[in-house]
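Asker: I have a structure I would like to understand better, so I am pasting it below and will then ask my questions one at a time.
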Amino acid sequence: MSNFDLSKILRPHILSLAPYSSARDEYTGHVGIFLDANENPYGSVTDADYNRYPDPYQADIKQKLAPIKNIAAERIFLGNGSDEPIDLLTRATCTPGQDRVMILPPTYGIYEVSASIHDVKIDKVSLTNDYLIDTDAVLAAITPNTKIIWICSPNNPTGNVMQHEAIQTILKNFDGLVVVDEAYIDFTETPSWIQHLDQYPNLVVLQTFSKAWGLAGIRIGMCFASVELIRILNKIKPPYNISLPAQQALLTGLDSIEKKNKMVADILKERTSLCNMLADLSLVIKVHPSDANFLLVQFEDAKAVMDYLIKETIIVRDRSRVHLCDGCLRITVGTQEENETLIETLKKFQLNGIMA
């Protein structure tokens, strides 16, 4: 059983770090004559009221989000996309040049980038050929300096959910943080790991508003963890990490759950349709099963297909050089019209014998 102790995996100076205290830390009221933050008292150059600093802890958003996620507001961290908590978790736990993180390729590339930026060593334990966690290999690769194991589920770029039992075993046998990145959780029937946070103190769950909610442009990601770890993230983040316009947009968006659910349902319907249409093409070798809003598709000649699609201004993601993804393109599920255009373009490519 894990002997997780947060104080033992944090960098020592983080525990004693005195955080920056902003003006909004010292007075949290909304009414008054504000002469404390050196803001412009006359307003802004736009018609919007952007002359005041935003709430550094996004309290109104968290109060509205907490019942949606069935978790206490104190266990929510909001970042500038999910990339910010990924970076902060690395910074909080990993001493440069000494500590290690583990990734399970093929997976989301920012985990490796974040570690490299901070001069943190990276151990790579490949997924199986079926894109599942090799539990024994993961446990064998853990070292005394391993601080974080990153698990993307549903996984990017493969689209599949990772085995519950494998994640559970890792949580029970690792004294560091196990971060389950659920950016695509809305597109699968698999329950979120948020419900297991009380059971595993070393569990961290990431989610995002970029996919199902359609709010990629406002750059807000979610991190769910113990109260103690959330306090650490709030201590080391930039004072005003989420802008006022972004906070206002999200507050409005959280009132539109029914619209979000309708968009998810439409995407799932189109995912099934697109999968079937792609599978009928002779130039397609395999359409991998997906629990996300995209499909990983293996082609006979991925480069030729990619080049042709770009020429036709249809942009997909070339993953053919990624580990275990030979010959694969990642295709986001579009609207019905976009998907039909894609298929007709691929049929034209196929009919004209361009691959020959």
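Asker: Using a Cα-Cα cut-off of under 18 Å, which aspartates and glutamates could be cross-linked to Lys8, ignoring same-chain neighbours fewer than 8 residues away?
Answerer: Within reach: Asp99, Asp175, Glu228.
Asker: On to the next question. Give or take rounding to whole Å, what are the principal axis extents of the alpha carbon atoms in the stretch 246-356, in descending order?
Answerer: 53, 29, 26
Asker: Any lysines with Cα under 18 Å of the Lys124 Cα? List them, leaving off those in the same chain fewer than 8 positions away.
Answerer: Leaving aside lysines fewer than 8 places away in the same chain, those within reach of Lys124 are Lys147.
Asker: Run the count for the stretch 236-332, please: Lys pairs, Cα-Cα under 20 angstrom, 8 or more apart or on different chains.
Answerer: Summing the qualifying lysine pairs gives 5.
Asker: Using θ = phi - 60° and the Karplus relation 6.51 cos²θ - 1.76 cosθ + 1.60, list the HN-Hα couplings for the stretch 142-153 in order, rounded to whole Hz, with x at every Gly or Pro.
Answerer: Along the stretch 142-153, the couplings run 5, 10, x, 9, 6, 9, 9, 10, 9, 10, 9, 8 Hz.
Asker: What's the carbon and sulfur percent of the chain's accessible surface, probe 1.4 angstrom, rounded to a whole number?
Answerer: 50 percent
Asker: Explain nothing, just compute: Karplus ³J(HN,Hα) = 6.51 cos²θ - 1.76 cosθ + 1.60, θ = phi - 60°, for every residue of the stretch 2-8 in order, whole Hz, x for Gly and Pro.
Answerer: Per-residue couplings from phi come out as 4, 9, 4, 9, 4, 5, 7 Hz.
Asker: So what is the relative contact order of the chain, in percent, for Cα pairs below 8 Å that sit 6 or more residues apart?
Answerer: 17 percent.
Asker: How compact and how long is the stretch 110-186, expressed as Rg and Dmax of its alpha-carbon atoms in Å?
Answerer: Expressed in Å, the Cα Rg and Dmax of the stretch 110-186 come to 12.3, 35.
Asker: Could I ask something else about it? Per residue, what accessible area does the chain have, given a 1.4 Å probe and all protein chains present, in Å²?
Answerer: 48 Å²
Asker: Specify the angular offset, from 0 to 90 degrees and rounded to the nearest 10, of the alpha carbon long axis of helix 257-279 from the longest principal axis of the alpha carbons in the chain.
Answerer: For 257-279 against the chain, the angle is about 30 degrees.
Asker: Can you give the relative contact order of the stretch 1-141 as a percent, counting alpha carbon pairs under 8 Å and 6+ residues apart?
Answerer: Result for the stretch 1-141 is 16 percent.
Asker: Continuing with the same structure: For Kirkwood radius over Cα pairs in Å, one of (1) 26.1; (2) 22.2; (3) 23.3 was computed from the structure I shared and the rest are decoys. Which label?
Answerer: (2)
Asker: I'd like the isolated cysteines in the chain, meaning no second cysteine's beta-carbon lies under 4.7 angstrom from theirs.
Answerer: That list is Cys94, Cys152, Cys223, Cys275.
Asker: Still on this structure: So what's the stretch 152-257 giving for Rg/Rh, alpha carbon basis, Kirkwood Rh from the mean inverse pair distance?
Answerer: Ratio of gyration radius to Kirkwood radius for the stretch 152-257: 0.99.
The values are calculated or read from the model by the stated rules, or taken from the named source; none is laboratory data. The model shown is predicted, which means the values in this text are computed figures rather than measured ones. Note: ideal-geometry Cβ built from the backbone for every residue, glycine included; neighbour counts use all protein chains shown. Ligands, DNA and RNA are stripped out before the accessible areas are found, and what is left, the full protein with its side chains, is counted by its heavy atoms. Shrake-Rupley method; radii C 1.70, N 1.55, O 1.52, S 1.80 Å.
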